[in-house]
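Note sheet for the following structure.
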Amino acid sequence: MSDLTTTAPRRKDTPLRRLARQFLEDRIAVAALAVFLAVALFTLLGPFIVPQNPYDLAQLDFMDGGLPPGSQSFSGMTYWLGTDTQGRDMLSAIAYGLRISLAVSFTSLILALIIGVAAGLAAAYFGGRIDTLIMRVVDIQLSFPSILIALILLALFGRGIDKVILAIVIVQWADFARTVRSSAIVERRKEYIEAAHCLGLSRQRTMFRHLLPNSLPPLIVLATVKIASAISLEATLSFLGAGVPITQPSLGLLIANGYDFLLSGRYWIAIFPGVALLITIVAINLVGDRLRDVLNPRLQK
Amino acid sequence: MLVYLIRRLGQSLLVVVVMATLVFLGVYAIGNPVDILVAPDAGAAEIARVTERLGLDKPMWQQFLTFAGNALQGDLGDSFVYGRPALEIILERMPATLELTFVALVLSTGLGVSLGLVAGLWPESVAGRTIMAGSILGFSLPSFWQGMLLIMVFSVMLGWLPAGGRGDTVEIFGGLRVSFLTWDGLVHMILPAINLTIFKMSLVIRLARATTREVVPQDYVKFARAKGVSRLRITFVHVLKNMMIPVVTIVGLELGSMIAFAVVTETVFSWPGMGKLLIDSINLLDRPLIVAYLMMTVLIIVTINLVVDVIYTLLDPRVRLAGTSA
């Protein structure tokens, strides 16, 4: 194959390098990755480059309320994406909202990943009753739609960023646990685990240094898909009024606020935050789609 | 088979009981509905009167026993807001939700399977690639925002379709109100139905494409081709039939999730179903209604899962044999 000729023979061909090379072969996936990195950069630097802090009331001019995209403020500033009814620059509001959306979804994803991986590995490694107990809980939970479970939890806890994170973690850990378990069970029967046992390595070492790395590929794909769905879930919950509080508006809440003005034709208040949300989610999903192809051993040449 | 059925039924019952307990504990242990139901300037006597009327002064375990006993008789308490049995209100709103869900289910399965089949048979073609790109867009679009786009384009800009409500309904089978039989109702249903369809359709497309690609290289398809069976017959008899087994299973299981997702669609389009009722009840802390909705949905989902499982076992000989030998 062409791979053999293009790879420098002396450089070590690690799995990670092979993965990166295959990933880069697809132009759409590369573009999606670039878009996602741009969004991430905008999220990090947003507050320093956007024209105003939308939650500092001193910077808002009520006279500038409800202006369409591209209008000029009294002081000569251009509102590229228009303003909401309180004179808030939508571009600035989106930059701040994106921070909250991404912070919530990444935090909950990492927590869900840690809990799910620990539970799944434990189930696969110990087997028996522990396995049955963990997987029964996972099964019951996965038989209910995520939006329903999240709504119940938030109806009970009330609104708040910490509560949204908790709800997403509770919704998502089960998927990770099931995926890790199923790939770990296959790996566990392989000889290198037996060899690790024979060498007298500790349980923790065998689990985390040998079993876990070899069970990773499906987990990576799942994690990308789950970031996208966490962002979407957070936005949906906030839109329904069960998510983040009004003082810390995420993109979902910005859209909810704009919903009231949609019918009167001031579309930009709801549409632009939605576009930001869509770009982020599509980019992540496209990357995840490519990773699935690259990491799927059945589609390997 | 009978043993399997009984065991499966037992599991479902257990799930219902566990969920009921969790829901009760959660809903009744947190927050105080009295604060919301009495006027802010009400005196202590008024508060005590309301608390007693709602039975909130009794210890938690006693409330739970009362709740469980009543629930078994189909009594989930009176709504704090409406002052009528919560179950009755839920049942009144349920046809609207089920009607919408059913239409969306039919649409997403029909369109999803046909588009997925095309994408699976010709994966490298322009049509195949467009369908797959569209499906990524379809499940990336947050459903509430997609609904708002629909309203903006078709109601605000073009003015073709109504932005919300259910329109005229007619009664069939003595009391069941449906809107798909009147022109006005049908017009009101188009946008919400599309909204609920798009997300699930995208998932069905991806599943149908994946299974088609697995079925096509199978020996029986090659054999049919070698035998000189027409392309059309191979597609519709050999490929479609075998591809439908996993698709039907997943679609069946997704029905529950569509009922839950109707919450979002109903909120965006002010569709008077039980999902919108849930959101209103959460905002008003109307506990009996929240509990009634949750119990009803849990019951529906558990039943669907049970039925799909049993049908799947009956249909697929491989699963059936594995079940009896275990």
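The values are calculated or read from the model by the stated rules, or taken from the named source; none is laboratory data. The structure displayed is predicted, hence computed values, not measured ones. Cβ placement follows ideal geometry from the backbone for every residue including glycine, while neighbour counts extend to all protein chains displayed. Just the protein is used for accessible areas: all its heavy atoms, side chains included, with ligands, DNA and RNA removed. Shrake-Rupley method; radii C 1.70, N 1.55, O 1.52, S 1.80 Å.
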message = Quick check: net charge around B:MET274, other residues with Cβ under 10 Å of its Cβ, Lys/Arg +1 and Asp/Glu -1?
response = 0
task = Can you work out the accessible area per residue across chain A, with the rest of the protein chains kept in place, probe 1.4 Å, in square angstrom?
result = 50 Å²
message = Give me the inter-chain shielding for B:7-14: mean count of other chain Cβ atoms within 10 Å, whole number please.
response = 1
task = Rounded to the nearest 500, what is the 222 nm mean residue ellipticity of chain A from helices alone, with -39500 (n - 2.57) per DSSP H run of 4+ residues and division by all residues?
result = -23000 deg cm²/dmol
task = Using 0.36 nm per residue of separation minus the Cα-Cα distance, give me the extension gain between A:TYR55 and A:LEU133 in nm, one decimal.
result = 23.4 nm
inquiry  = Counting only other chains, and only Cβ atoms inside 10 Å, what mean value do you get across the residues of B:133-140?
reply    = 5
query = Of the lysine pairs in the protein assembly as shown, how many meet both conditions: Cα atoms under 28 Å apart, and a spacing of 8 or more in sequence or different chains?
reply = 14
ask   = Using the membrane-span-like helix rule (whole DSSP H runs, Cα extent along the own axis of at least 30 Å, mean Kyte-Doolittle hydropathy at least 1.0), which helices of chain B qualify?
value = B:2-29, B:86-121, B:240-268, B:287-315
remark   = Taking chain B and counting helices only, DSSP H stretches of n ≥ 4 at -39,500 (n - 2.57) each over all residues, the nearest-500 ellipticity at 222 nm comes to -24500 deg cm²/dmol
Average silhouette area of chain B, convex hull of alpha-carbon atoms, in square nanometres = 22.8 nm²
note = With a 1.4 angstrom probe the carbon and sulfur portion of accessible area for the protein assembly as shown, in percent, totals 66 percent
query = Once all Cα-Cα distances of the protein assembly as shown are split into 20 Å bins that start at 0, what whole-number percent is in each one?
reply = 16, 49, 31, 5, 0
ask   = Using only the Cα atoms, what convex hull volume per residue in Å³ does chain A have?
value = 180 Å³
task = Against the globular-protein guess of 2.2 N^0.38 Å, express the Cα radius of gyration of the range A:106-244 as a ratio, rounded to two decimals.
result = 1.16
Total accessible area lost when B and A pair, probe 1.4 Å, Å² to nearest 100 = 3300 Å²
At 0.692 mPa s and 37 °C, Stokes D of the range B:174-319 from Kirkwood alpha-carbon radius, µm² per second = 178 µm²/s
Averaged over A:279-289, number of beta-carbon atoms from partner chains that fall within 10 Å = 3
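Enumerate the helices in chain A for which the Kyte-Doolittle hydropathy averages -1.0 or more and the C-alpha atoms extend at least 18 Å along the helix's axis, using complete DSSP H runs. Could the numbers behind the result be given before it?
On the way: long enough: A:27-49 (31 Å, 2.29); A:90-126 (53 Å, 1.86); A:128-142 (21 Å, 0.72); A:161-188 (38 Å, 0.81); A:216-239 (34 Å, 1.52); A:268-295 (40 Å, 1.54).
Result, helices passing both filters: A:27-49, A:90-126, A:128-142, A:161-188, A:216-239, A:268-295.
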note = Here, chymotrypsin sites (Phe, Trp or Tyr not before Pro) of the range B:77-165 satisfying both criteria (DSSP loop; at most 11 other Cβ within 10 Å) are B:TRP160
